[in-house]
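The values are calculated or read from the model by the stated rules, or taken from the named source; none is laboratory data. Every value quoted in this text rests on a predicted model; they were computed, and no experiment measured them. Backbone-built Cβ (ideal geometry, glycine too); neighbour counts: all protein chains shown. Heads up: the accessible areas ignore ligands, DNA and RNA and are worked out on the full protein's heavy atoms, side chains in. Shrake-Rupley method; radii C 1.70, N 1.55, O 1.52, S 1.80 Å.
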Amino acid sequence: MDDTRTKIIFAAMKAVRQYGLEGVRIQNISELAGLSSGALYRYFDSKEQLMMECFTYVDKQAAAVFERLSFDPLMMLAEPIGAVKTLWVPYFRFWLARPDETVFYHRFRDSAFFPTYDRNRDASYFETFADMVRAFHKAFPSLKQINQDLLWLHVLTSTVMYAKYVVEGVLPDNQETEETVFQFLTVGLSGYLRL
């Protein structure tokens, strides 16, 4: 991706964190990027296009977390919650390390615009994660009893929400927070991870 385009994307996410998704203006973004508003429009046709590209950029970065992990099917069978944790912790920490992206991502997902965008987007970059989910389904058929959209929205979106609380200072950034969030997210799941 072009350096200027990337600079604009990061400036947009920072601006959304400062002004809110609805309150941010192209002028706010261009000032943070060190460009004129006219120059910004050479890269993006509209604020809406820029916001969608910001989301896709961060979403791809989050998906890449799972591509870098080694997934051990034997651990999944021996200690399913431990296996989930080895996948979840790097994902949670990804968000903690990126405050602007985390707040932007959470606000964009919560926007009225997101459901329409979500129906039409290509999320094939989450294929590695989807393969891991399929492995869990194969090992634990009772997982299929749960509404899958609800299950993964709960785990992934709640993770981002709790990370947002940490980066905003609502929750402390410590091991206890990480452990508690993980327990909240998996307490219901544990009943389905039985052979």
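For a Förster distance of 41 Å, can you work out the FRET efficiency between the beta-carbons of Leu74 and Tyr165, rounded to the nearest 0.05?
Result of the calculation: an efficiency of 0.75.
Taking label positions 7 Å along the Cα-Cβ direction at both Asp173 and His154, the computed distance is 2.9 nm, reported to one decimal. Qualifying GluC sites (Glu not before Pro) in the range 1-107, where qualification requires a DSSP coil assignment and no more than 13 other C-beta atoms within 10 Å, comprise Glu22. Using every pair of distinct Cα positions in the range 111-183, the Kirkwood expression returns a hydrodynamic radius of 14.6 angstrom. Extension gain for the segment Glu22 to Arg42, taken as residue separation times 0.36 nm less the Cα-Cα distance, is 5.0 nm to one decimal. Between 0 and 90 degrees, the angle of helix 148-167 with respect to the longest Cα principal axis of the chain falls at about 60 degrees.
Cross-link check: pairs Lys47/Lys144; Lys14/Lys144; Lys14/Lys85; Lys7/Lys144; Lys60/Lys144 evaluated at a Cα-Cα cut-off of 32 Å; pairs beyond the cut-off: Lys47/Lys144; Lys14/Lys144; Lys7/Lys144. Rolling a 1.4 Å probe across all protein chains gives Arg25 an accessible area of roughly 130 Å².
Taking only the C-alpha atoms of the chain, Rg followed by Dmax gives 18.3, 59 Å. Relative contact order of the range 1-137, taken over Cα pairs closer than 8 Å and 6 or more residues apart, is 30 percent.
Take the range 1-150 with all the other protein chains still there, run a 1.4 Å probe, and you get 52 Å² of accessible area per residue.
Ranked by solvent-accessible area (1.4 Å probe, protein heavy atoms only, all chains present), the residues Lys138, Lys14, Lys164 order from largest to smallest as Lys138, Lys14, Lys164. The fraction of accessible area contributed by carbon and sulfur in the chain is 53 percent, rounded to a whole number (1.4 Å probe; ligands and nucleic acids excluded).
Heavy-atom accessible area for Met51, with the other protein chains in place and a 1.4 Å probe, reaches approximately 10 Å². Taking 0.36 nm per residue of separation and subtracting the current Cα-Cα distance, fully stretching the chain between Thr4 and Gln183 would add 60.3 nm.
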